[in-house]
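One structure below.
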Amino acid sequence: MSYGISFYEAFIVDLTRVPRRVQNTFRRTLEFLTEHAEDAGGNKVKKLHGYRDLWRCRVGDSYRLIYRVTKDRDRGTVTLVALGDRKDIYDRIGLGPDGPTHEIIREAPELIEEQTTEHTAAAWLMPAVAEDDHAASPDDELPIELTPELLSEWSIPRAHHAALCSSRTEQDLLALSGTVDDSILLRVMNLVWPPALPEIVQTPTRVARSAEELLEAVDESRSLGSFLLKLDEDQEAFVRRFHRIEPKGPWMLKGGPGSGKSVVALYCIREIVAEHEASLPGLRGQMKILLTTYTNSLIKASKRLLTELVAGGSTADIQVETIDRIAARLAGRNGFSLNPVNDSHNGVKSASQRALEKLRSRDASFPFDRRDVPFLLEEVDWVIAGRGIDSLDGYLEEDRTGRGRGLNERQRRGVWQFHELLTPALESQKLCFFSTKQAAALDGAAPQYDYVFIDEAQDLKPVAIRLASKLCKGGKNVFITADSNQSIYGTGMRWRAVADELQFTGRTSILKRNYRTTREIWEAVAQLAPDDDATDSETMAVEPVYRGRWPTIHWYGDVDDWAPALNRFIAQAMREERVGPDSVAVLCPTTKEFDDVVAAVDSRYNAKAMRSRNLDIAHPGVKVTTMHAAKGIEFPIVVVAAAEDGRLPWYSMGTEDTEHLQRQQRLLFVACTRAMRRLLILASADERSPFLENVTDDLWEMDGTVPT
C-alpha cells in the first residue's frame, strides 16, 4: 500500500527545531514511510502502545518521528505529528511506562485505543485540573538557553542574535517587540515552547506532496496557507463523485461555518481536470471551468489554492472571477453602459425620494411613506431586478416566501409603481442596480464553460445564479455551495426557483463537521443565531472538531474602557496561541468605526483599516475591516467591535422591520464564526444590543461593567 503525506500545522515548528543534518535524514525517512509506514517487522517503525493509530519511526540514531496512520479504501495517509530528540519526544506526546499519560487520555481521547483498561479508567476518575493551575508565568525562566549557535540552527537572522540571547524570561522576549521583527519573535517563541500532543492535534491538517515542500515552509519560502487542507471521509466521499469522466450534476453542497464547502469545491475542480487530462490527452486544452462568487477576498483565496491544486503542466482553462465582473464584461458587449451602484448611493437616495413624493402627491393613500424607502429599494433590487421580473403580473404572482415582510396586492402594485418611476430616474443619471446589470448580461449570455462552480451562493441574487448557470454548457454541470444561516444579504429565495434546470434532488450533500471554530466558541455563538424561518437547522447541527477557551464579552461604558480591554485581549490571545498580530482581525459593523478602532489598537500591532475591495489577508498586522468584508474568511483571533444598539443593529428610516433585524443578527453570527481560536465581543453596557439579550455566563466569559 502506498501512503500520502499530511501534517499538523504544528509539525513545522518541530521540523524547524531540529539540526539541518536531521532535516536531510527526514527527507529519506519520509520517502521510506510512503511505502512502509506500517512495516513493523524491523525496528525502524513501531506502533505506540495504547494509542489508536500513533507510530514512531527512527530518524537517524537520536531522533524520532511520531506520525498517525489512517486508511481509506486502497490508500493510506501518514499524518506527521512531532519530530524530536528521543530523550524528550515521548514526554511531549505523553507516553509513559503504562501507555498514554492520564493527561493525554483526558485531553486527546480521540487518539487512545477504544479498549478500556485500569490505566485509562483511572485517568477519567482523576479530578480535572484547572487550566490556570499549570499555566506558565511570563516571569518564568526560559526552558532553553538562547545561544548564537542555536539561533543560527533555527535560521534566525544574525542581526537579532544579541537581543534574543540576552532574554532570560518570556517577559524579556515580549519586551523585544518593536526591536525584533514580530515574525522573528513569534518564530523564536514557538521554537522555545514546542506544543504538546493535545495542542498539536488541535491544529489544522494540511496535505504535502514531498519533504521538500515541508522544508520550504521551514525556511519560510512557502506559507502554511499555500498547503491544502486535508479532506475528511465525508468531504472525500463527495469529491469521489468527480472521479469519472463527465460527471453529471447539478450538485449542491451545504454546510455550516468552517465545514470546508469552498475547499471541497476546489478539490472537485482538481478531480475534473485530472480525469479529463488523463483520459483525453488530445483534448486537454478544451476543458473550461468557471469558479465564481461575490467577493474579491474569496476570489483571491480561491486563486491561490487552485494554483496548488491544479499544478503546473495543466492546460485547463480555469477562470476565477466575481459574478459582478463577469456581468460587467458581458453586459458591456451588449452595449449596456449604466454604472451599477448600491442603495446607499446619493443618486439612488435622491431619485427614490422624488419617486415616492410623486406617487404620494398623486394618491394620498399610497401604501408607503418615507420610512419605507429602504424597504422599497431592497424590494426593487432583490426581488424585481434580482429575480428578473419584467411585468406587473409576474411580480403579483411571485412567491416572496422568506422575505420577512408580507405584501398584499395593493402594496405590490405600489412597489411596482415605485419601480417604474425609479428605474428611468436612475438611467437618466447613467445608474442602475448591480442586479440590473446582471440581468442585462443574462440576456446575451451564451454557454461557454464545461463546468460552473458557484461558491457562497446564499448571498447571490437569483439573476446572478441564473447568469452563472447559463454560462455552463447544457446547464447541468453546475456546482453550488451554500448555507442560508450565513446569508448576510437576505435573499429570501427558494433554490429550485432560481432556474428550472437546477434540480438538486438526489445530488445534495451536507457537511457536518466544523474545522474552523472551537467547540467552546461555536456553542456560545449559537446563542446569537437568529431563530426564524430562514434558519437551516441542518447546517446548524455541526460538530466542532477543535477545543479551546470560552469566548469573552467585554461590557464597556466608553472608549476609555474598551480600548485597554481590546489591547489586553490581543496581547494575551497572541501570547497563548503563539501567533502574531497578522492573525488578528477586528470586525466592525460599518466603516464608520474604522478610525476609532485603528487609533485604539496598540501601534506595535500595526493595525490597518481595509474595505472589502482592498482587503489584504497578508498584511503583517491587525486587520480592521467590516463584518461584510470578512465573509468567507477566517482568523485565529477575532474581535467584534461596537456591539451596541444603534450600531449593531443600526437603524435608519424604515429599517426597523423584522427582516432587517434578522439580517443584522445573522451578520453578527457570521462575524463571530470567523474566529478560529479566540473571540472577543466589545459590547456597550449602556446601549445594550438586543442581539446579546440571550447570552449566558455559562458559555461566555464576562468582564467589564456587566449589565444586571
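Just so you know, all these numbers are worked out from the coordinates, no wet-lab data involved. Being a predicted model, the structure only gives us computed values, none of them experimental. Neighbour counts are summed over all protein chains in view; Cβ atoms, including those assigned to glycine, are modelled from backbone coordinates with ideal geometry.
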Between helix 182-192 and the chain, what is the angle of the helix's C-alpha long axis to the longest principal axis, kept within 0 to 90° and rounded to the nearest 10? 40 degrees
Length-normalised contact order of the chain, Cα under 8 Å, at least 6 apart, in percent, tallies to 12 percent
If unit charges are put on Cβ atoms (+1 for Lys and Arg, -1 for Asp and Glu) and the dipole of the chain is taken about its Cα centre, the option from Ser361, Thr295, Ala439 lying farthest towards the positive end turns out to be Ala439
Residue separation times 0.36 nm, minus the C-alpha to C-alpha distance between Asp596 and Lys71: what's the value? 183.8 nm
Which of the peptides 672-681, 223-232, 342-351 is most tightly packed, and how do the rest follow, judged by the mean count of other Cβ atoms within 10 Å per residue? 672-681, 223-232, 342-351
How big is the antiparallel share of DSSP beta bridges in segment 577-642, given as a percent to the nearest 5? 0 percent
Charge-dipole axis of segment 163-215 as Lys and Arg at +1 and Asp and Glu at -1 on Cβ define it, positive-most pick from Ala211, Thr169, Leu186: Ala211
Nearest-0.05 FRET efficiency for Gln411 and Gln353, computed from C-beta distance (R0 25 Å): 0.85
Computed E for Val706/Arg371 - FRET, C-beta separation, R0 41 angstrom, nearest 0.05: 0.70
Computed for the chain: size of charge dipole around the Cα centre, +1 on C-beta of each Lys and Arg, -1 on C-beta of each Asp and Glu, debye to nearest 20, value 2840 debye
Would you work out the charge dipole size for segment 593-708 about its Cα centre, treating the Cβ of every Lys and Arg as +1 and the Cβ of every Asp and Glu as -1, and quote it to the nearest 20 debye? 780 debye
For the pair Asn342 and Asp85, how long in nm is the line joining their label points, each one 7 Å along Cα→Cβ? 5.6 nm
Over all directions, the average projected area of the alpha-carbon convex hull for the chain comes to how many nm²? 34.2 nm²
For segment 586-646, which trypsin sites (Lys or Arg not before Pro) pass both filters: DSSP loop (anything but H, G, I, E, B) and at most 16 other C-beta atoms within 10 Å? Arg611
Relative to a virtual label point 7 Å from the Cα of Ser612 in the Cα→beta-carbon direction, which members of segment 337-351 show backbone nitrogen distances below 17 Å? 340-346
For the peptides 357-363, 415-421, 170-176, what is the packing order when you average, over each peptide's residues, the other Cβ atoms within 10 Å and list the highest mean first? 415-421, 170-176, 357-363
Each label sits 7 Å from Cα toward the beta-carbon; between Thr179 and Arg329 the label points are separated, in nm, by 5.3 nm
Within the chain, the percent of DSSP beta bridges that are antiparallel, given to the nearest 5, stands at 35 percent
Computed from the beta carbon distance with a Förster radius of 22 Å, FRET efficiency for Asp558 and Glu693 to the nearest 0.05 stands at 0.50
